[in-house]
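Student: Right, I'll just put the structure down here and ask away after.
The values are calculated or read from the model by the stated rules, or taken from the named source; none is laboratory data. If you're wondering where the values come from, they're calculated on a predicted model, not measured in any experiment. Note: ideal-geometry Cβ built from the backbone for every residue, glycine included; neighbour counts use all protein chains shown.
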Amino acid sequence: MSSVCRGPSNALSSSLCCRSHPILSFVMIPVRQAQLSTPSSRYPSRTSKTALGLPVVLLGLLLPLGLVGNAALGSCVCDEYILGKEYCDQLLAMCRGYSEALNTVREKAKNYGWTVCNKSSKTAYAAYASAYEGYGYTRKGWYTINPRSCQKLITESMRDKNYYISILNSNENTLTRQEKQLCMWPPQSNGKIYKANYKTCRGWDVGNKSFEKMEKGNGFITTIP
């Protein structure tokens, strides 16, 4: 069995716009999930096609009329004719402050989640299962990790949920520790990625796969030698 190395990392990403209202608002835009068909039991997959769907979090800073621009780009503009120089100076300083804070958060957020790097000369497959304490696990996979490439599969902090991961080599032999058996379909020949809970997975009658428990933290990198 090949060894898999993991190392910690850390991350979060946002964009900020200065518009025309003195309210700080948080907007969550969910990405639409494709309707799932039943995964095939045939394998292995030979394609690198993936369908990574992730939520995007937009942090909008809305400031009074007369202040326009994009704080994230440091391009806030205030109309002194409307608001006056003193008030504009205050608003522009506030806008630049939020811009700097967001850039700091964005840099930290780059390493949140789980990244898989495949340094080998052969294709590998990765999947994970996640759940809040006391709830059933949702599985997602399989991602095709091409030779000598990296792919980020989780983009959020991994402190709040329990995570299990599984990595298979090109022959579908398990590379991660076999600590938990979970209902899981095999890698798909067309490279399609499925997401399902326990009940749905059992209904597909696809069997189990071995998973390794991840410790909690901001983020991790798994390396396939």
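Student: For the range 92-106, enumerate the residues that are modelled with pLDDT under 85 and aliphatic (A, V, I, L, M).
Tutor: ALA101, LEU102, VAL105
Student: Here's another thing I want to ask about it. Based on this model, can you work out whether GLU215 counts as more than 28 Å from ALA109 (Cβ to Cβ), out of contact with any Asp or Glu (no Cβ under 9 Å at 6 or more places or on another chain) and not in a strand (DSSP E or B)?
Tutor: no
Student: Continuing with the same structure: Given the conditions (1) surrounded by 15 or more Cβ atoms within 10 Å (Cβ to Cβ); (2) assigned to a strand (DSSP E or B), and given that THR176 satisfies all but one, which numbered condition is not satisfied?
Tutor: (2)
Student: Filter the strands (runs of 3 or more DSSP E) completely within the range 116-166 down to those with at least 2 residues that are surrounded by fewer than 18 Cβ atoms within 10 Å (Cβ to Cβ).
Tutor: Values: elements: 124-131, 138-145, 149-154.
Of the strands (runs of 3 or more DSSP E) lying wholly inside the range 116-166, those with at least 2 residues that are surrounded by fewer than 18 Cβ atoms within 10 Å (Cβ to Cβ) span 149-154.
Student: Can you pull out every residue in the range 181-213 that is on the phi > 0 side of the Ramachandran plot and in contact with a Pro (Cβ under 9 Å, 6 or more places away or on another chain)? So that I can check it myself, show each step before the final result.
Tutor: Residues of the range 181-213 on the phi > 0 side of the Ramachandran plot: 191, 205, 207.
Selection gives GLY207 alone.
Student: Sticking with this one: Out of curiosity, is MET184 over 21 Å from THR223 (Cβ atoms) and free of Cβ contacts under 8 Å to residues at least 40 places away in the same chain? Give the derivation first.
Tutor: Numbers: over 21 Å from THR223 (Cβ atoms): yes; free of Cβ contacts under 8 Å to residues at least 40 places away in the same chain: no.
So MET184 fails the test.
Student: Which residues, taken from the range 76-115, are of a type in the set (S, T, N, Q), in a helix (DSSP H, G or I) and buried (at least 19 other Cβ atoms within 10 Å of the Cβ)?
Tutor: Going residue by residue through the range 76-115, those that are of a type in the set (S, T, N, Q) are 90, 99, 103-104, 111, 115.
Now narrow it down to the ones that are in a helix (DSSP H, G or I): 90, 99, 103-104.
Within the range 76-115, just SER99 meets the criteria.
Student: Okay, moving on. Among the residues of the range 179-199 satisfying the criterion of being at pLDDT below 95 and more than 23 Å from the chain's Cα centre (by Cα), which is surrounded by the most Cβ atoms within 10 Å (Cβ to Cβ)?
Tutor: Within the range 179-199, the match that is surrounded by the most Cβ atoms within 10 Å (Cβ to Cβ) is SER189.
Student: Select from the range 129-144 the residues that are out of contact with any Ser or Thr (no Cβ under 7 Å at 6 or more places or on another chain) and either of a type in the set (Val, Ile, Thr) or closer than 27 Å to ASN190 by Cα (or both) and list them in ascending order. Reasoning before the result, please.
Tutor: Within the range 129-144, the subset out of contact with any Ser or Thr (no Cβ under 7 Å at 6 or more places or on another chain) is 132-136, 139-141.
Those that are out of contact with any Ser or Thr (no Cβ under 7 Å at 6 or more places or on another chain) and either of a type in the set (Val, Ile, Thr) or closer than 27 Å to ASN190 by Cα (or both): ARG139, LYS140, GLY141.
Student: May I pose another question? Which is without any contact (Cβ under 8 Å) to a residue 24 or more places away in the chain and closer than 30 Å to GLN181 by Cβ, of TYR143, TYR135, TYR81, TYR128? Before you say what the answer is, go through the steps one by one.
Tutor: Values: TYR143 fails: without any contact (Cβ under 8 Å) to a residue 24 or more places away in the chain; TYR81 fails: closer than 30 Å to GLN181 by Cβ; TYR128 fails: without any contact (Cβ under 8 Å) to a residue 24 or more places away in the chain.
Result of the check over TYR143, TYR135, TYR81, TYR128: TYR135.
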